[in-house]
Amino acid sequence: MAEKRKIINEQENMELQISADKNEAWMTIFDDKAIVDENDVIEFLNTSGIRFGFENAQKENKEKNVVKRRNEPFLLAKGSVIIPKPKFDLFFDPENPKLVTKNSILAKIHKLSEKSIVGKNIFGEEVKQDDYKFDAERYCGKNCKINANNEIVADNAGTPIIDEDKIISIQSEMILDSVIDKQLTVETDLIVNGEVNGAKLMVNGNLTVYGNIVNCMDGIYVNGDVKFLNGDHSKIIASGGISFEKCRFCSLLAEKEIVGVNDSSIVGGFTISGEKIQVGVLGNDYKENTYVEIAVAPYLKEQIRLLSEQLKSISSESNEEEMKNLYNEKINMEKRYLQELLNSIENMTSHSIKVEGNIYKGVSLRIRNSSIDINKLDNGYFFEG
C-alpha cells in the first residue's frame, strides 16, 4: 500500500496526512506545541490546497461515533471517488458451484470505459477511470491466475468461490463434517471431520480424516497422502504416504512411507510400503498374524492388478474401445513397474522397518528377498535390507 503524504504547518502544531490517491486526508493537532485557533486551521487548509470532502468526512465520523482528540489523527476530508468494479462474465454458478479442473476458465473481466468519471478528490479535481491502472490480477484469489485475455483461470482443481469484493478463488479441498458411509469419488483434496464407516472412496488428492476409518474393505483409494486416527478392518491404498495412530486388521499399502504417530500400533492385516515403515508396536499378546513388507512400487503394482480385474469384467463385444484403452494403460504401467524393479536392483537403496516398542510373536517382516518371522516378544526392533 502506498504511503500517505505528510504536511506540517509552520508552527509545527498541526499535521495533515493525505492518501496516495488524494481521496482522504487526516489531521492531527498537537497539544504540546503552540495553541491552535480557527485562523491557524483555515490558513493551513488553504496552504494544503484541500477544497472538497469536509461534509463527507463529518458524516463518516458521525456514523462511526468518532471522538476527536489531540495528538490522534482524525478524518478531515473524504473525496467522492468510488472506483466502480469492472463487469464480470462468470462461467460458474456462485450459488451452486461445481468442481472444476485445473486451467478451467472461471470468469472474463471487462475493462470500464476510460472516460468514466468516478468522482472528485479532496482537491476538487475530477477523477476519471483512466487515472487508475486497470489491474485484473487483483480479482485473482488463491489458486487462480489471469491470462492475456483478462480471464481468470483455475490454477488448481477444486471448487470456485467469489467474495463480496469479486475476488475469485479456488477452494482446493472438499470439507465434510459428517460420517461418510457410502461410495464417493472426489477430484480434489478431501478433509473429513468425522468417521469413514463402511465406505468406498476414490480421492484424487490428499485425504485427511479427523476420526477413524472402519469397515472399509471395499477400499479407500487415494492419489496422494493419507492421514487418519485409527483404522479397523479397512483397506487403505495411497500413491503417497500413510500416517495414523492405531490399525487393527487393515490392509495398508503406500508408495511412500507408512508412519505411526503418538502411541501407534499395528495388529493383524497386511502393511506394505515402497520406502519405510515405522511404528510403535507390532502385533499383540494374542499372536495375531501381522505381515509387514517393504516392496518395489507397491502402489503401481496394485494399479496393474485393478486394471486386470477391470479387463476381465468387460464384455469384449460391447466395449471394444474401452478394452483397448485399458489394455494399453495396463501395458504402460507394466513397463513402468519393470523399470522401477530394474532401478531398485541397480541402486540397491537401503530400506527399513523400525519398531520403537514391543514386537510380538506372529509378526512377519520382509524387505525384498530378506524375511524374518518373530517367534518371541522383543522390544525395540530394527530390520534393514
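The values are calculated or read from the model by the stated rules, or taken from the named source; none is laboratory data. Quick caveat: nothing in here was measured; it's all calculated off a predicted structure. Here the Cβ positions follow ideal geometry from the backbone for every residue, glycine too, while neighbour counts run over all protein chains shown.
Taking the residues in segment 287-330 that are more than 17 Å from residue 384 (Cα to Cα) and touching a residue at least 60 places away in the same chain (Cβ under 8 Å) as candidates, determine which candidate is surrounded by the most Cβ atoms within 10 Å (Cβ to Cβ).
290
For segment 261-275, what are the residues that are buried (at least 19 other Cβ atoms within 10 Å of the Cβ) and out of contact with any Phe, Trp or Tyr (no Cβ under 6 Å at 6 or more places or on another chain)?
Passing the criteria: 264, 265, 266, 267, 271, 272, 273, 274.
Name every residue in segment 227-275 that is of a type in the set (Lys, Arg) and either touching a Leu at 6+ places or on another chain (Cβ under 7 Å) or under 25 Å from residue 304 (Cβ atoms) (or both), in order of residue number.
235, 256
How do the strands (runs of 3 or more DSSP E) wholly within segment 137-178 filter down when requiring 3 or more residues that are at pLDDT below 90, among the hydrophobic types (A, V, I, L, M, F, W, C) and surrounded by 19 or more Cβ atoms within 10 Å (Cβ to Cβ): which remain?
none
Considering only segment 36-69, state which residues are of a type in the set (A, V, I, L, M, F, W, C), in contact with a Phe, Trp or Tyr (Cβ under 7 Å, 6 or more places away or on another chain) and free of Cβ contacts under 8 Å to residues at least 12 places away in the same chain.
The answer is 66, and nothing else.
Test of understanding: among 196, 203, which residue is more than 17 Å from the chain's Cα centre (by Cα), closer than 26 Å to residue 279 by Cα and among the aliphatic types (A, V, I, L, M)?
Of the residues listed, the single one that is more than 17 Å from the chain's Cα centre (by Cα), closer than 26 Å to residue 279 by Cα and among the aliphatic types (A, V, I, L, M) is 196.
Any chance segment 40-48 includes a residue that's hydrophobic (A, V, I, L, M, F, W, C), surrounded by 12 or more Cβ atoms within 10 Å (Cβ to Cβ) and touching a helix residue (DSSP H, G or I) at 6+ places or on another chain (Cβ under 6 Å)?
Among the residues of segment 40-48, not one is hydrophobic (A, V, I, L, M, F, W, C), surrounded by 12 or more Cβ atoms within 10 Å (Cβ to Cβ) and touching a helix residue (DSSP H, G or I) at 6+ places or on another chain (Cβ under 6 Å), which makes the answer no.
Residues that are over 17 Å from residue 249 (Cα atoms) and touching a residue at least 12 places away in the same chain (Cβ under 8 Å): which strands (runs of 3 or more DSSP E) entirely in segment 196-235 hold 3 or more of them?
Per the criteria, 200-203, 207-209.
Scan segment 266-280 for residues that are out of contact with any Pro (no Cβ under 8 Å at 6 or more places or on another chain) and small (Gly, Ala, Ser) and jot them down.
268, 269, 280
Can you spot a residue in segment 298-320 that is within 22 Å of residue 245 (Cα to Cα) and in a strand (DSSP E or B)?
Within segment 298-320 (the criterion being within 22 Å of residue 245 (Cα to Cα) and in a strand (DSSP E or B)), the answer is no, since none of the residues qualifies.
Tell me which strands (runs of 3 or more DSSP E) are completely within segment 240-280 and hold 2 or more residues being under 13 Å from residue 299 (Cα atoms), of a type outside the set (Phe, Trp, Tyr) and touching a helix residue (DSSP H, G or I) at 6+ places or on another chain (Cβ under 9 Å), or say none if there are none.
Hits in segment 240-280: 242-254, 258-273.
For segment 335-373, what are the residues that are modelled with pLDDT of 95 or more and not in a strand (DSSP E or B)?
360, 361, 362
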